[in-house]
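See below for the structure under consideration.
The values are calculated or read from the model by the stated rules, or taken from the named source; none is laboratory data. Please read these numbers as outputs of a predicted model, since none were measured by experiment. Cβ placement follows ideal geometry from the backbone for every residue including glycine, while neighbour counts extend to all protein chains displayed.
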Amino acid sequence: MGSRGEEVKSIGRRRLLDVLLSGGVIAFLGAVFYPVTRYLTPPPGREPAASSVTAAGVGELKPNSGKVFRFGSKPGILVRLPSGEWRAFSAVCTHLQCTVQYRADLERIWCPCHNGHFDLTGKNVSGPPPKPLEAFDVVVKGDEVVVVRRG
Amino acid sequence: MVRQRQTTAIAYTALFLACAYARPACAAAPTDNTCVLCHSALPEPLNVPVEAMKHDIHAEKGLTCVDCHGGDATAMDETAMSPEKGFRRPARAEIPAFCGRCHADGAYMRHFNPRLPTDQLAQYWTSIHGQRLQQGDQKVATCVNCHGAHGILPPDRAESRVFPANVPATCGGCHSRADYMAAYGIPTDQEERYKHSVHGELLFVQRDFSAPACNDCHGNHGAFPPGVTSIAEVCGMCHVNNAALFVKSPHHQAFRERGLPECATCHSNHDIHRTSDEMLGGADGTVCRRCHESGSVGYNAAVTMRAAIDQLKAGLERTDATLARARRMGMEVTEEEYAVREQVRPQLIKARTQTHLSDPGQVVEVVTAGVNAAAASEASAQATLAEAQARRRNLLIPLALIALLIILLRLKLRQLERNG
Amino acid sequence: MRLSSSGEANARTGLVAWFDERLGLSGAIDFLRHKAVPGGAHAVWYYFGGVSLFLFGVQVATGLLLLFYYKPGTETAYKSVQFIVTGVPFGWLIRSLHAWSANLMVFAVFVHMFSVYFLKAYRPPRELTWLTGMALLALTLTFGFSGYLLPWNELAFFATKVGTDITAVVPVIGTGVARLLRGGDDVSEATLTRFFGFHVAILPAAFTAMLLVHLFLVQRHGMSESIGQKGEEPKAMPFYPGFIIRDAILWLGVLGVLLVLCTFLPWELGIQADPFASAPAGIRPEWYFAFVSQSLKYLPAKILGIDGEVVGICAFLAGAGFLVLVPFLDRRAARGERSPLFTVIGAAIVVYAVVMVTLAYVKPY
C-alpha cells in the first residue's frame, strides 16, 4: 500500500515546514534585534546639550578678539575682551537678522549689513538695530569655554 | 495776503464786539489767559491755535502764548496785543530768529532739555531753505512749515509732523506740489518715488524707523541735497562696505570727472529698489551697459563678475533643491540647512558687495569660497538623500521576511487544520 | 508548543515537558484548543482586539527604547527627539514606529469598540468586559494626548493648549481638571513633566491592569456569538491553532504596513515650540479628537443663554456616557433580541464622527 509511503512523505513535509518556520522565526527575531541592538549602542555623535555648548578652547582667542560659533540652530558670538574676560551673545542682529562680527579696531560688535554697532554688553549703541543682542553666560571649564543660555 | 488783511479786519471787529457785549463773562475771570478766552470764541482760522495748543510740547512745558508772542494775557481789550506790551507776530522771514530766540540759546534750553541740540538755527542758515529765505524767497520752508506753529510735537511722538514715518509727507507738502515748486525747476516726484523704494517699504510697511527718510540723507535743519561728490558718504553711513569699496574702485574717479552722482548713478536716489543680479553683467538692460561698450575692459569685468555670481547662485540652488528633496523624503536636514545659511549664503552677499570694487578677481575669490562651501553642503545633502533611498531599499528585507513568514504560517495552518 | 505531533522524544519535547511540569502550560493550551471563535460573516471583526493588543505591544517596546534617549524639559525635549531621529542608528525607525503605531492603535481600538457595539457583544454577561474596554479606550486616547506633547514642537504645543482649554469648558470640574493636567494655568514646562509622568508611568500601569482584567474576562466568557445566529450551527474556529495563527499572520501584516508607513511617510519633527510666538494657522488636535474640535466650531456662541462650547462638551460627554452605559440601556439585546434602534444610533454616531473628521481636514473653516 502507498499509505505508509505517503505518511512518511507527509511527516517529512511536516518536518520541513517546521524547520522552515523555525528558521523564519529566528530570522525574523534577528531582523528585530539587529536594529534594536544598534539603537541601544551609544552613538558616536555627542548627545545634544541643548542649552549649552563648548564654543572654544581656552587658548583659542586672544584678548580683543571674537569668534562666531554655532548655538543650537542659530549663530552665537564669543568675545574675549581686552581685559581677558569672556562674553557671549546671540550673533543674530536685531535689525534684519544678519550675522554680526567682532571689530577689534572698534572694540565693538558690528553688523556689516547696515553698520549697526553693539557695545560689549550687547547693547545697541549705533545704527539701525532696535534692540540689544541676547546675552548668554560664559563658564570656563578646564580648558573649554562653555556658553550657556540664560534662564 | 489780501485775504489775510480782510480776516484780520473782521477779526478785530468781531473781537471788539465780542468783548463789548460779552464783557460781563470776560470780566468774570480776569486772571485767566485772555488770549485763549477770546480766541476760542472767534471764527476760523483764529480759534485754530487754541485747539492745537492742547497737544503741544511748549504748552506741556508750561509755556503760554505770551512766552512766544509777548503781549498781555490779562488784558481784555486790544492792549493784549499791543506792541508796547511786547506783542509780536513774526513775518515769514523773521520766523527762524523768532524760534531761535529760545532754541538757539543753550543756557535757556538746558532748563528744559539738556540733551536737545541748539544748533538748529545755525544749521538752517546753511540750508537751501535758509539761504533762499535770506535772499527774499518767501515760499521756502521755515520752522513752522515743518514743525507747525501751534501743536508742535517732538519727533518721537507718532502724531508729530516730524515723526520718521511722517517726514516724507511733511517735506512732500511743498516738494510734491508741481504748482508750488514750478519756479524752482526741480522734480516734484521724490515723495512718490520714495514710497515705492525699498527704504519707503521698510519705513511705511515694515515700520522700521531706522530706515532713512528725507532728513537722514538731506539733513534736518541744514537740508541741502548731497552734492555729487558726497553721495557715497551719505549712503555709506549705513552701507559701509559698498561705499568703501566704491571709493577704492575706478568708478569713483571716473564718475567724479563726469559729474555723475556716485551711488545714485546705478541705484537711483529716491526710488531705490531692491538690487538684483540683473543689474550686473554685459546684457542689455544692465547698468554696466549704460556706459561700457561690448568688448571693452569694463564690459569684460562685468561679464566675469556676473558669471561668477551666477555660478554661486546655481550651486546654492542645487544644494537647496537637494535638501528640499531630502526633507520631502522625511529626512531631518537641519544641520545641513544651517551650514548653507551660515556658510554659503553669506558668500553670495559678500560677492555682490564685492562688485562695487569692480575688480573681477576679488569677486571670483569670494565666489570660489562660496562654491566650495556649497559643494560641501551638496555632498552632505546627497548623502542624506542616499540614506533616504537606502532605507527604502532595505525595507525589502523585513518585508520579504514578513511575506515568507506569512506564507509559512498559512501552510502550517492548513496542515494543522487538515489534521483536525 | 507542540509543533510535532509525532510523539518523538527529542530534546525540544523534553524542554517543553520540563516547563510544562512547572508552569502547567498544557492546561492552558488545552483550554485554548477548546475555546472557539464564531465563524460566519462577522468573523473578520473579531481580529481587531488582537490587533489593538499587538499595537500596544509595539508601543511598549518602542516607547521603552525611546526612553533611553528622550529628555523631558522645554530646552531638551525637542533636541533629544531630533537627536534620536538624526543621530541614533535606527532612531528614525523607532520614533516613526511609535508615532504611527499610536495612530493605528487608536484606529484599531475604535474599530474594535464599534464592532463589539454593532455585534451587541456587550450584552450580559459581558457588561464588565465592555466597561473595562471603554476604560481602555479612554486610556488609549489619554496616551495619545499626553504623548503628542512630548516632542515639544509647535503643533503639539498649540494642540495641547486648545485641548486643555476645551477640558476647562466642562462645567463644575473642568477648570480643576485642566489645571491638574496643565500643572498650572498655561501649557508650560510643568505640563511637559506631568504629561511625561502620565505617559510613561501612570497610564501604562493603569492600562496594563485594565487590560489584564479585560483579557481575563474575555477568556472567561468566551467569544460572543452575534444575535440572530440561533438555529444555525455557527461555524466556529478553534482558538488554537486557527485563530492564533491567523492573528499572527494579521499582526505580521500590520507590522509590514507599519514599516512601509515609517519608510515612506516618516513622522515629522516640526519646529520647536515657542510659547511666546503666535499660533500658526490651521492648528487642530490630532484626528482622533478632531471630531470634537470641528463640532465645536459649528456651534453658535450662545445656546439658550449658555456658552455654545459648554453645550457642545456636555453633548459629547452625554454621548460618551451613552456608549459606556449601553449594556444597561439596551434591554432588547439583553434579552437576546435584535436591537435595531441601538444599531441606528451607533451608525449615526459613526457617520457623524467620520463626517466631522473629514471636514476638519478638508474644510476646517
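Odds and ends about this structure:
- For region B:206-220, the count of residues that are within 14 Å of chain A (Cβ to nearest Cβ), charged (D, E, K, R) and in contact (Cβ under 8 Å) with a residue 40 or more places away in the chain is nonzero.
- Residue within region C:132-142 that is modelled with pLDDT of 90 or more and over 19 Å from the mean Cα position of the chain (by Cα) present: no
- Of the residues C:298, C:288, C:365, the single one that is aromatic (Phe, Trp, Tyr) and modelled with pLDDT under 85 is C:365.
- Among the residues making up region C:333-358, those that are over 16 Å from residue C:114 (Cα atoms) and buried (at least 16 other Cβ atoms within 10 Å of the Cβ) are C:334, C:356, C:357.
- Tally of residues being assigned to a loop (DSSP other than H, G, I, E, B) and under 20 Å from residue B:168 (Cβ atoms) across region B:208-238: 16
- Residue count for region B:159-182, restricted to those that are farther than 30 Å from residue B:64 by Cβ, without any contact (Cβ under 8 Å) to a residue 24 or more places away in the chain, of a type outside the set (D, E, K, R) and assigned to a helix (DSSP H, G or I): 5.
- Considering the conditions (1) away from chain A (no Cβ under 14 Å); (2) farther than 19 Å from residue B:354 by Cβ, residue B:277 is excluded by exactly one of them, (2).
- Region C:266-305: number of residues that are touching a residue at least 24 places away in the same chain (Cβ under 8 Å) and either of a type outside the set (Val, Ile, Thr) or more than 11 Å from chain B (Cβ to nearest Cβ) (or both): 27
- For region C:281-305, filtering for residues that are assigned to a helix (DSSP H, G or I) and touching a Ser or Thr at 6+ places or on another chain (Cβ under 8 Å) leaves 0.
- Those residues of region B:52-88 which are free of Cβ contacts under 8 Å to residues at least 60 places away in the same chain and among the hydrophobic types (A, V, I, L, M, F, W, C), in sequence order: B:59, B:63, B:65, B:66, B:68, B:73, B:75, B:76, B:80, B:81, B:87
- The set of residues in region B:73-123 that are surrounded by 14 or more Cβ atoms within 10 Å (Cβ to Cβ), among the small types (Gly, Ala, Ser) and more than 41 Å from the chain's Cα centre (by Cα) comprises B:73, B:75, B:80, B:82.
Residues checked against (1) within 14 Å of chain C (Cβ to nearest Cβ); (2) crowded, with 17+ Cβ neighbours inside 10 Å; (3) closer than 30 Å to residue B:243 by Cβ:
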| position | (1), (2), (3) |
| --- | --- |
| B:330 | yes, yes, no |
| B:347 | no, yes, yes |
| B:367 | no, yes, yes |
| B:380 | yes, yes, no |
| B:386 | no, no, no |
| B:407 | yes, no, no |
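- Annotation: of all residues in region C:104-152 being part of a helix (DSSP H, G or I) and of a type in the set (Ser, Thr, Tyr), the one that is nearest to residue C:44 (Cα to Cα) is C:115.
- Selection from region C:59-97 of residues that are surrounded by 20 or more Cβ atoms within 10 Å (Cβ to Cβ), more than 8 Å from chain A (Cβ to nearest Cβ) and without any contact (Cβ under 8 Å) to a residue 40 or more places away in the chain: C:62, C:66, C:84
- Residue check for residue A:65: within 20 Å of residue A:144 (Cα to Cα) and either surrounded by 17 or more Cβ atoms within 10 Å (Cβ to Cβ) or not aromatic (Phe, Trp, Tyr) (or both): yes
- Those residues of region B:124-150 which are among the acidic types (Asp, Glu) and either surrounded by 18 or more Cβ atoms within 10 Å (Cβ to Cβ) or under 15 Å from residue B:172 (Cα atoms) (or both), in sequence order: none
- Screening residue C:33 with (1) more than 24 Å from the chain's Cα centre (by Cα); (2) at pLDDT 95 or above gives one miss only, at (2).
- Restricting region B:275-324 to residues that are part of a helix (DSSP H, G or I), touching a residue at least 12 places away in the same chain (Cβ under 8 Å) and of a type in the set (Val, Ile, Thr), the residue that is surrounded by the most Cβ atoms within 10 Å (Cβ to Cβ) is B:319.
- Qualifying residue in region C:306-314 (condition: surrounded by 14 or more Cβ atoms within 10 Å (Cβ to Cβ), part of a helix (DSSP H, G or I), among the β-branched types (Val, Ile, Thr) and touching a residue at least 60 places away in the same chain (Cβ under 8 Å)): yes
- Among the residues of region A:129-145, those identified as away from chain B (no Cβ under 14 Å) and over 14 Å from residue A:67 (Cβ atoms) are A:132, A:133, A:134, A:135, A:137, A:139, A:140, A:141, A:142, A:143.
- Flag for residue B:396 being within 14 Å of chain C (Cβ to nearest Cβ) and in contact with a helix residue (DSSP H, G or I) (Cβ under 6 Å, 6 or more places away or on another chain): no
- If you go through region C:323-355 and keep only what is more than 27 Å from residue C:107 (Cβ to Cβ) and not in a helix (DSSP H, G or I), you end up with C:335, C:336, C:337, C:338.
- Any hit, region C:163-183, residues being at pLDDT below 95, of a type in the set (D, E, K, R) and crowded, with 20+ Cβ neighbours inside 10 Å: yes
- From B:123, B:131, residue being within 27 Å of residue B:210 (Cβ to Cβ) and either among the polar types (S, T, N, Q) or outside the structural domain of residue B:200 (by TED's automatic domain parsing) (or both): B:123
- The set of residues in region C:267-284 that are modelled with pLDDT of 85 or more and closer than 12 Å to residue C:161 by Cβ contains only C:273.
- Taking region C:248-259 as the range and being of a type in the set (A, V, I, L, M) and either in contact with a Pro (Cβ under 9 Å, 6 or more places away or on another chain) or at the interface with chain B (Cβ under 7 Å from one of its Cβ atoms) (or both) as the test, the residues that pass are C:248, C:249, C:252, C:255, C:259.
- Test: residue in region B:206-215 that is touching a Cys at 6+ places or on another chain (Cβ under 9 Å), buried (at least 16 other Cβ atoms within 10 Å of the Cβ) and closer than 15 Å to residue B:127 by Cβ: yes
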